1. Inside segment 553-597, can you point out the residues that are within 30 Å of residue 403 (Cβ to Cβ) and surrounded by fewer than 20 Cβ atoms within 10 Å (Cβ to Cβ)?
2. Out of 694, 659, 655, which single residue is modelled with pLDDT of 95 or more, under 28 Å from residue 357 (Cβ atoms) and more than 16 Å from the ligand (Cβ to nearest atom)?
3. Within segment 299-307, identify whether any single residue is under 30 Å from residue 425 (Cβ atoms), buried (at least 19 other Cβ atoms within 10 Å of the Cβ) and not aliphatic (A, V, I, L, M), and answer yes or no.
4. Checking the structure you have, find out if any residue of segment 42-61 is more than 26 Å from residue 236 (Cα to Cα), out of contact with any helix residue (DSSP H, G or I) (no Cβ under 8 Å at 6 or more places or on another chain), outside any loop (DSSP other than H, G, I, E, B) and touching a residue at least 12 places away in the same chain (Cβ under 8 Å).
5. Taking the options 544, 530, 559, name whichever one is closer than 30 Å to residue 637 by Cα and among the small types (Gly, Ala, Ser).
6. Going through segment 610-645 one residue at a time, which ones are within 16 Å of the ligand (Cβ to nearest atom), assigned to a loop (DSSP other than H, G, I, E, B) and touching a helix residue (DSSP H, G or I) at 6+ places or on another chain (Cβ under 6 Å)?
7. It is to be established whether one or more residues within segment 378-389 are in contact (Cβ under 8 Å) with a residue 12 or more places away in the chain, under 19 Å from the mean Cα position of the chain (by Cα) and within 13 Å of the ligand (Cβ to nearest atom).
8. Identify the residue in segment 341-377 that is more than 13 Å from the ligand (Cβ to nearest atom) and of a type in the set (Asp, Glu) and, among all such residues, is nearest to residue 700 (Cα to Cα).
Amino acid sequence: MLRPRYIPPDDIFPPNPWAFETVRYDARLARELTGQAETMFALSNGYLGIRGTVEEGTPVREAGTYLNGFYEHRPISYGEHAYGFPRVGQSILNCPNGTVLKLFVDDEPFVLPPAEILSYRRSLDLRAGTLNRDVRWVTATGKRLHMRTVRLVSLAQRHLAAIEFELTGEDADVEIAVSSELVNSQPLSADTTDPRLAEGFVGRVLHPTGTSAGGMRAMLSYRTRSSGMSLGCGMDHSVSSECPVLTELVCEDDFAAARFRCKLERNKPLRIRKYLSYHYGESSDHTEILFQTASTLDRAMRHGFERIRERQRSDVGRFWARADVTVESDNPRTQQTIRWNLFQLLQASERAEGHGIGARGLTGQTYEGHYFWDTEIYVLPFIIYTNPAIARSVLKFRYDMLDKARARARELGHRGATFPWRTINGDEASAYYAAGTAQYHINADIAYALRKYVEVTGDQEFLWNYGAEILIETARLWFDLGFFSDVKGGRFCINGVTGPDEYTALVNNNCFTNLMARENLRYAVQSVRALERLHPPLFEILVARTGLEPSELEQWHEASERMYLPYDGRLKIHPQDDDFLDLKRWDFATTPEDNYPLFLHYHPLNLYRSQVIKQADTVMAMFLLNEQFNHDEKRRNFEYYEALTTHDSSLSVCIQSIIANETGFKEKAIDYFDFAAAMDMSDIGGNMMHGAHIAAIGGTWLALVYGFAGLRDTAGQISFDPKLPETWSALNFVLTVRGQTLRIEIDRMSATYRLLNGEWVSFSHAGEECVLSSAEPILTRAFGPEQPLQ
Ligand code: BGC
């Protein structure tokens with residue numbers, strides 16, 4: 001089932017802990033891995049994302065330039081329509097590509113495969129935050145050239161990307177031309193065989209609304225056909241060379257090019273700095289969007305490439321200071337993989353303010369750029385502990401969707417709010433309700449993440465001003481959705497839902513959903529009562545805004561107290577739902593290896609009537625609500641469900657690793673971790689060419705910090721219970737807790753806790769209470785009998 005599709009060979013992709021790089025050009029690999037490399041080398045800041053296509057524009061698999069939240073409506077067509085099915089979806093759009101810098105040497109186009117390469121390196125520099133390329137080659141007529149490029153998507157200015165291109169003739173004079181382009185290509189064609197891929201559009205989506213050109217600057221503007229958004233994009237250049245350079249500019253609706261020609265004298269480089277600017281907005285006035293586009297370019301030209309690059313390095317440096325995780329292990333690839341993953345989290349979130357985080361970040365169009373529960377459950381913990389301000393803005397974005405979630409609840413006949421399973425603009429965009437709208441758990445997932453944010457950061461103000469309203473509306477939903485069932489002894493039951501496991505749909509009393517709903521109800525009651533006590537004026541405002549009745553708090557309390565949780569006394573496990581144990585077990589022995597993932601080979605009905613699991617479900621509940629299961633329950637549940645889980649979703653193995661470690665399956669824990677961490681690096685799912693798996697990447701951090709370091713943070717109480725894999729000798733990381741910075745250094749025998757800044761922090765280590773203060777900022781604690789101090 002789980003297997004690496006690709007093991008990067010060390011001589012081509014060395015396990016450099018601070019870079020993901022190719023140090024030798026291999027034509028066959030370059031051809032076979034074009035799409036994968038575009039994902040691995042993608043750059044993004046959370047607002048603007050650019051896939052790692054090469055400057056010469058070929059070979060190419062999926063050129064991609066995405067803006068977070070910039071989408072087009074897409075009609076969803078059903079063979080049979082039913083009430084409440086969303087009719088209009090949303091799909092992230094591919095914007096004009098500005099990475100193209102085509103080179104012509106003595107009138108021949110430079111393309112890597114036929115070139116005779118002397119040396120080659122393409123490197124995603126994880127400290128500098130740049131994608132660098134260095135190629136030396138001999139032309140067919142025997143001239144030696146050296147090309148260097150540095151590309152970045154700015155963290156400081158989220159509308160800006162920049163490329164430095166430098167070309168040197170090493171042994172002779174050469175006639176060269178460079179065409180620096182901005183190209184609006186056609187939309188993706190549809191692939192209907194894989195449900196994860198974007199469906200594509202028929203016909204033109206971006207309608208030109210005007211261009212602007214002058215000097216070496218060209219700007220294009222568009223309006224989307226149906227969502228009515230305006231897009232502005234532009235490029236500008238600065239050129240330096242000791243040789244005279246002729247320039248010309250072309251600017252049409254879908255294509256702009258700045259062309260540079262010169263006779264390059266030996267060892268006198270030509271240097272082109274290209275700045276790219278992308279803006280979008282609601283305004284129908286294209287001059288406004290072009291004005292914004294121009295402002296970004298003006299600023300970039302004023303600052304110059306060096307300053308932009310320096311700023312990028314220092315921004316990335318600050319990220320590593322608060323978020324790096326280091327591991328000492330017998331596998332040199334592990335550190336590189338962890339850093340590449342962490343870098344993806346930076347890229348997906350850092351400048352996402354005002355938006356969500358897509359399932360593939362901004363590295364591909366899979367799942368149409370939609371936001372799922374992936375954000376709250378898999379990515380937010382990392383952000384909460386490393387960059388609380390971004391976590392706040394991601395949650396605020398959910399709050400901003402609340403009115404649409406209220407409207408959706410009314411459409412579905414519910415009270416309160418029903419957040420969309422997948423969306424960009426707040427409207428439900430999921431076409432398959434059984435594994436979409438029915439995943440009501442997303443409402444409790446949002447409440448769960450909100451609670452973690454408030455408890456770990458101490459940002460009560462967010463809870464009072466925004467969070468409490470989300471809690472009221474989601475609690476209302478749960479109370480409306482469930483009922484006190486006579487058949488179940490008056491317990492509160494929630495029927496007709498789908499849990500995280502999408503191979504079991506529309507079930508009654510999904511254990512995960514009921515547990516999470518119970519937390520949602522409890523937290524709503526607790527928060528609203530606290531607000532009433534502590535801030536009566538704010539409470540009054542909230543009551544006025546939501547029409548909250550005192551009786552509702554009683555009802556929610558009652559429902560949470562009497563929540564039904566499935567339990568099987570014979571097996572002593574928590575069944576995934578009421579009927580799960582009645583189903584026939586899937587016949588894994590006769591399932592061909594090539595039939596995974598099962599959803600590409602079996603009708604959903606075959607999956608639904610079997611005990612077969614796509615991804616951690618009850619095991620996920622044991623992770624999120626860890627304190628609500630005892631050790632024996634965890635172990636029995638883990639063993640029961642492990643045998644049935646295919647991990648056909650990339651969201652599964654990271655969680656499996658955490659619970660394996662906790663329940664004493666140390667080898668399984670590291671095996672699952674390795675799969676989670678290498679999800680993209682080794683293309684475990686076989687689809688990384690379409691984008692990085694951001695949830696699995698966030699889950700890798702979870703598996704490090706909650707798994708091997710044993711972090712737990714129930715009700716904001718921080719505790720650690722480290723258990724390192726046999727092959728690791730150290731694990732170090734930094735957490736920000738209520739504004740204090742805590743560094744944790746774990747080796748095979750002890751854990752050292754350091755307060756890097758702040759006044760005071762308390763936590764527990766293996767059950768023992770510990771306090772760090774500015775007077776006593778360091779504490780070392782040994783492990784239990786398993787790993788004694790020597
Ligand atoms: C998983 C969902 C997930 C979605 C987006 C699906 O395959 O089953 O849990 O939210 O992918 O990552």
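The values are calculated or read from the model by the stated rules, or taken from the named source; none is laboratory data. Computed from a predicted model, the values in this text were never measured in an experiment. Note that each Cβ is placed from the backbone with ideal geometry, even for glycine, and that neighbours are counted across all protein chains shown.
1. Hits for segment 553-597 are 553, 554, 555, 557, 558.
2. Just one listed residue meets the conditions, 659.
3. no
4. no
5. Going through 544, 530, 559 in turn, just one is closer than 30 Å to residue 637 by Cα and among the small types (Gly, Ala, Ser): 559.
6. Answer for segment 610-645, where residues must be within 16 Å of the ligand (Cβ to nearest atom), assigned to a loop (DSSP other than H, G, I, E, B) and touching a helix residue (DSSP H, G or I) at 6+ places or on another chain (Cβ under 6 Å): 616, 617.
7. The answer is yes; a qualifying residue exists.
8. Selected residue: 350.
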